[in-house]
Amino acid sequence: MSIVTVQLGQCGNQIGHEVFNALCSDIRGTHGLCSKKENESYHDSCKERFFCEEESGVPVARAVLVDMEPKVISQTLSVAASSGHWKYSSHSHFCQKQGSGNNWANGYSVHGPRHKEAIMNLVQKEAEKCDRLGGFFTIMSMAGGTGSGLGAFVTQCLRDAFPSSFILNHVIWPYGTGEVIVQNYNSVLTLSHLYQSSDALLVHENDVIHKICAQLMNIKQISFRDVNQVIAHQLGSIFQPTHPAGGSSGYSRNPLGDLMETLVPHPEFKMLGLRNIPQMAENSLPYSTFSWPGLIKHLRQMLIANAKMEEGIDWQVRPPHPGSSIPSTNKPLHFNTSIANLVILRGKDVHSVDLGSFRDPSLYTSWLNPQDAFNAWKTPRAFNKYEKSASLVSNSQFLLKPLDSIVGKAWNMFASKAYIHQYTKFGIQEEDFLDCFTTLEQVISSYTNL
Amino acid sequence: AVSLPFAVGQCGNQVGCRFWDLALREHAAVNKKGIYDEALSSFFRNVDTRSGDNDPDIYKGKIYSLKARALLIDMEEGVVNEILQGPLRDVFDSKQLITDVSGSGNNWAVGHKIYGYQYRENIVEKLRKTAEHCDCLQCFFIIHSMGGGTGSGLGTFVLNLLEEEFPEVYRFVTSVYPSGEDDVITSPYNSVLAMKELNEHADCVLPIENESLFEIVNKIHQMINSGKLGSTVKQNSLVTSSAGSAKTLQEKPFDAMNNIIANLLLNLTSSARFEGSLNMDLNEISMNLVPFPRLHYLVSSLTPLYTLADVNVPSRRLDQMFSDAFSRDHQLIQADPKHSLYLACALLVRGNVQVSDLRRNIERLKPSLHFVSWNQEGWKTGLCSVPPVGHSHSLLALANNTCVKPTFVELKDRFMKLYKKKAHLHHYLQIDGMEQSCFSEAISSLSDLIEEYSELDATKGEPRIDPSRLKIAV
């Protein structure tokens with residue numbers, strides 16, 4: 001099955017480009033560390049999911065590029081094409097000239113309706129190119145105006161036009177100390193709207209990735225490109241083909257569907273966090289060795305203690321006593337309760353890995369059977385030069401604190417009515433804001449009471 | 001997206017002239033292949049002048065003849081004529097000029113009421129023609145001074161006109177405020193009358209004070225002449241310099257100061273013209289820096305003022321650039337933002353600067369700055385890859401800060417000194433359409449604005465009480 005990617009706004013387009021780069025460079029690499037047959041199967045599966053063939057032989061990304069100003073898309077198209085290894089279709093992008101001015105209302109209420117037809121036509125064309133459509137993957141930032149506002153509108157349109165397709169929104173959360181002053185308003189408006197039409201929100205926080213770049217990758221002068229490349233690596237580690245749990249017959253054919261099924265049992269809980277280890281500077285890789293038990297142990301503790309990266313993990317945090325039913329108010333502080341988890345393992349000796357520690361019922365809420373709450377996907381094919389790579393996609397309290405922080409700051413600003421006139425100018429009223437705040441407070445409350 | 005500058009009055013046109021000259025210089029440095037690109041199109045049309053009077057626009061390909069997208073308005077001919085005889089004469093055509101001969105006599109009412117009425121249709125027609133050539137008009141810039149008659153009076157008339165005719169296009173105004181020693185006696189009247197218009201019809205105002213420009217020019221002269229700088233200064237990097245531009249004549253006294261303003265405008269629009277990892281368009285500036293409609297006065301600072309010839313820039317010098325942006329002597333008005341209250345702050349960085357440099361410096365400088373309680377992290381940032389000519393990196397800081405207040409208070413005081421004695425009032429009141437109420441309304445508008453800033457100042461240092469959140473039934 002194929003996935004159609006929709007890249008929205010500057011951030012969405014910049015990241016989307018790095019994702020296709022990472023996917024392509026991974027399948028081209030000779031570092032698979034597995035049998036030739038396995039490698040070929042992997043290669044074909046990835047190509048089917050993300051690329052389509054052209055007469056020239058250069059793989060064409062299954063993507064629609066949308067932005068309200070031309071510079072980023074123009075750059076993205078030309079840099080991709082100049083790589084010689086893959087490119088975007090020359091007819092899959094939509095641009096305007098004036099941007100959205102960091103104004104969610106402008107993106108949602110003005111650009112959205114105005115350009116709906118043109119954008120959905122492009123999406124339809126891409127969807128038709130797929131033998132079997134596996135769903136949509138949208139990439140956007142929630143801080144600005146286009147990715148956030150137009151992105152929310154487009155997601156709604158996708159839902160309306162493709163009611164039975166899966167929609168996964170990849171949302172970038174901005175740095176806490178401003179990239180955009182009204183970023184908290186834009187974020188609240190985006191998240192509350194996406195919650196209605198999306199199947200799941202996969203979140204990356206700029207602050208977290210920045211720390212990974214600084215402390216794990218040892219990059220001195222970190223650029224947005226560095227940040228985007230780490231994000232692309234993490235996304236690749238989830239999206240590249242894997243064998244479905246329990247089966248070794250061929251690669252999974254429905255990645256988005258499988259993801260939703262394992263991780264989103266209830267529509268009230270759609271926030272997914274992502275962790276990937278190990279992560280380090282490329283030139284350190286040849287000098288490092290990892291053991292699966294070590295990686296699994298770290299990943300599990302990162303889950304329990306809500307650690308954002310592999311450094312500074314708090315080993316003091318422990319799950320509550322197994323077997324005892326503890327009311328959520330008495331759960332040990334800082335313990336991250338999960339609804340469902342998915343671990344993805346890639347590389348050498350992956351079949352031998354013991355994941356029992358992730359099946360511990362005390363990690364989870366009581367609603368699902370532990371067997372259903374935890375899933376694992378594996379492939380012996382190594383990813384992106386990492387001999388062993390372990391990813392965790394988690395529907396848990398991972399994002400509770402950051403979400404609460406954003407809502408708090410937005411509320412604080414809203415109480416003073418600052419900037420509201422900029423939104424009402426384009427049709428988003430105070431009541432609309434209140435509705436969005438209510439939706440998100442509900443989500444926060446739900447996750448808090450796990 | 002196109003930005004359309006209007007230069008109104010003597011000061012406006014002198015600054016405008018420097019602006020076009022430096023814009024050409026900037027684009028020439030970047031555009032090596034002579035191809036007419038998106039970046040150029042925000043300020044210039046590409047015209048094939050061989051096809052006679054019709055001058056069709058050429059949207060792609062080779063550069064033929066660049067024409068500035070602009071309107072030059074002056075009620076005296078001197079300055080505009082000089083431009084048309086100088087090295088920039090081919091950049092403008094007669095359809096972009098509106099001139100008269102006798103000037104406005106330093107009288108806002110003459111500029112606004114008499115010339116405004118007289119030239120309204122002419123201006124609208126030329127405006128529409130110019131706008132027709134733009135496939136996406138995003139922003140108008142008015143460049144003028146506040147203290148005289150044309151720039152102040154006719155300039156604010158044009159502002160009104162722009163709002164009526166093109167309500168959706170942003171209106172940025174770069175206003176040069178008169179100093180206390182200004183030789184135009186009635187400059188307080190002109191300025192306050194103009195302020196009312198700015199309060200009501202501008203989206204963003206960038207106030208500039210001559211004293212600040214003068215101090216910066218002096219500072220640079222001193223640095224160069226004292227020999228304190230070990231290496232030589234790159235001439236074309238001076239924020240005051242015309243080096244490398246078309247202007248080959250002896251620099252006039254105001255040229256250095258006007259170059260600073262021209263550089264301000266170039267930096268302001270750089271991220272809209274050139275690519276970068278975090279673009280900042282002009283509509284984003286208005287969106288992020290104007291929390292309440294009337295509080296739209298932005299204090300600007302430009303750093304560095306010059307670069308040394310040595311190419312290697314250690315990060316310490318980079319950090320110094322950020323520190324300087326907040327220092328008193330880099331502001332373009334007489335103000336000290338560090339000791340007043342920030343409502344919002346924008347940092348537009350150009351050149352080889354990455355997000356980590358930006359974050360490091362924000363973290364470093366934040367503790368010494370006071371932000372309003374509901375905007376504790378009120379930073380808007382932009383990263384443009386292309387540095388200004390002669391620099392490897394630069395920073396433009398725009399602050400919505402209560403430190404503008406003293407400028408307005410002084411203006412009000414100077415106004416009241418004259419007004420109480422009814423000095424020179426008759427020159428204004430004898431103009432058709434002018435009444436005493438124009439003055440009382442204007443000073444009232446200014447007083448209200450000052451009051452709003454005072455109220456904000458009063459909140460500085462107050463203990464912060466976060467409003468309670470919505471409660472959800474579980």
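Equivalent ellipsoid of the protein assembly as shown: semi-axes from √(5λ) of the C-alpha gyration tensor, largest first, are 54, 30, 25 Å. Of the DSSP H helices in chain A, those that are both long (alpha-carbon extent of 20 Å or more along the helix axis) and hydrophobic (Kyte-Doolittle mean at least 0.0) are A:224-239, A:400-415. Measuring r between the beta carbons of B:Leu470 and A:Trp315 and using R0 = 30 Å, the FRET efficiency lands at 0.25. If a paramagnetic tag sat 7 Å from the Cα of A:Asn449 along the Cα-Cβ line, which residues of the range A:380-415 would have the backbone N under 18 Å from that point? Output list for this probe position: A:396-397, A:400-401, A:404. Return the residues of the range A:63-88 for which accessible area with all protein chains present is lower than in the chain on its own by 10 Å² or more; set the probe to 1.4 Å and exclude ligands, DNA and RNA. At a threshold of 10 Å² (probe 1.4 Å), the residues of the range A:63-88 that become less exposed are A:Glu69, A:Pro70, A:Lys71, A:Gln75.
May I ask you to derive the relative contact order of the range A:2-271, considering only C-alpha pairs under 8 Å and at least 6 residues apart, and to give it as an integer percent? Normalised by residue count, the contact order of the range A:2-271 is 22 percent. Positive end of the dipole of the protein assembly as shown (Cβ unit charges, origin at the Cα centre): among A:Pro361, B:Ser440, A:Cys213, the Cα lying farthest that way belongs to A:Pro361. Length gained on full extension, B:Gln320 to B:Tyr117, computed as 0.36 nm times the residue gap minus the Cα-Cα distance: 68.1 nm.
For peptide A:171-183, the mean count of partner chain Cβ atoms within 10 Å of a residue's Cβ comes to 6. The simple spin-label model puts a point 7 Å past each Cα toward its Cβ; for A:Arg225 and B:Thr49 those points are separated by 4.0 nm. Between A:Lys378 and A:His243, A:Leu345, the built amide H atoms are under 5 Å apart, and every one of these is 5 or more places off in sequence or on another chain. With all protein chains kept in place, the per residue accessible area of the protein assembly as shown amounts to 38 square angstrom at a probe of 1.4 angstrom. Seen from all directions on average, the range A:2-271 presents a Cα convex hull projection of 14.7 nm². Which of A:Glu18, A:Glu310, A:Glu261 moves most in a GNM of chain A, Cα contacts under 10 Å? Maximum among the listed residues: A:Glu261. The calculated FRET efficiency for the pair A:His91 and B:Ala29, based on their C-beta separation and a Förster distance of 41 Å, comes to about 0.75.
Residues whose amide H lies under 5 Å from that of A:Glu205, counting only those 5 or more places away or on a different chain, are A:Trp173; hydrogens are built 1.01 Å from N in the peptide plane. On full extension, the segment bounded by A:Arg359 and A:Ser164 gains 67.1 nm, given 0.36 nm per residue less the C-alpha separation. Taken one residue at a time, the phi angles of the range B:61-71 give Karplus couplings (6.51, -1.76, 1.60, θ = phi - 60°) of x, 4, 7, 9, 9, 8, 10, 5, 7, 6, 10 Hz. Gly and Pro are set to x.
When only Cα pairs below 8 angstrom with a gap of at least 6 residues are kept, chain B shows a relative contact order of 16 percent. Taking label points 7 Å from Cα along the Cα-to-Cβ direction, A:Asp349 and A:Thr30 give a separation of 2.5 nm.
The charge dipole of the range A:183-255, taken about its Cα centre with unit charges on the Cβ of Lys, Arg, Asp and Glu (plus for the first two, minus for the last two), comes to roughly 180 debye. Scanning residues 5 or more positions from A:Val64 or on other chains, those with amide H under 5 Å from its amide H are A:Thr5, A:Val6, A:Gln7, with H placed 1.01 Å from N in the peptide plane. Mean residue ellipticity, 222 nm, helices only, chain A: the sum of -39500 (n - 2.57) across DSSP H runs of n ≥ 4, divided by residue count and rounded to 500, is -12500 deg cm²/dmol. Counting only protein heavy atoms, what percent of the accessible surface of chain B is carbon or sulfur at a 1.4 Å probe? Of the solvent-accessible surface of chain B, carbon and sulfur hold 51 percent.
Look at the alpha carbon pairs under 8 Å that are at least 6 residues apart: their mean separation over the length of chain A gives a relative contact order of 18 percent. On association of chains B and A, roughly 4300 Å² of accessible area becomes buried (total for both chains; probe 1.4 Å). Model label points for A:Met280 and A:Thr438, set 7 angstrom from Cα along the Cα-to-Cβ axis, are 5.2 nm apart.
Among the DSSP helices (H) of chain B, those spanning at least 27 angstrom by Cα along their long axis with an average Kyte-Doolittle hydropathy of 0.0 or more are B:253-273; this is a geometric and hydropathy rule only.
Both the radius of gyration and Dmax for the range B:406-459 are 13.3, 44 Å, in that order, over alpha-carbon atoms. Applying the Karplus relation 6.51 cos²θ - 1.76 cosθ + 1.60 with θ = phi - 60° to the range B:166-175 yields 3J(HN,Hα) values of 10, x, 8, 8, 5, 10, 9, 10, 9, 10 Hz, where x marks Gly and Pro. Remark: the Cα gyration tensor places chain B in the rounded category, a/c being less than 1.5. Summing +1 for each Lys or Arg and -1 for each Asp or Glu among the other residues whose beta-carbon sits under 14 angstrom from that of B:Val169 gives -3.
Across the range B:315-474, the volume of the C-alpha convex hull divided among the residues equals 227 Å³ per residue.
Please label the shape of chain A as rounded, prolate or oblate, based on the square roots a ≥ b ≥ c of the eigenvalues of the alpha-carbon gyration tensor (a/c under 1.5 means rounded; beyond that, a/b larger than b/c means prolate, else oblate).
Taking the square roots of the gyration eigenvalues as a ≥ b ≥ c, chain A is oblate.
Computed in the context of the full set of protein chains, the accessible area of the range A:2-271 at 1.4 Å probe radius has 49% of its extent on carbon or sulfur.
The values are calculated or read from the model by the stated rules, or taken from the named source; none is laboratory data. Everything numeric in this text was worked out from a predicted model, so none of it was measured. Glycine also receives a Cβ, built like all others from the backbone with ideal geometry; neighbour counts cover every protein chain displayed. Areas reflect the complete protein model, heavy atoms only, side chains present, ligands, DNA and RNA absent. Shrake-Rupley method; radii C 1.70, N 1.55, O 1.52, S 1.80 Å.
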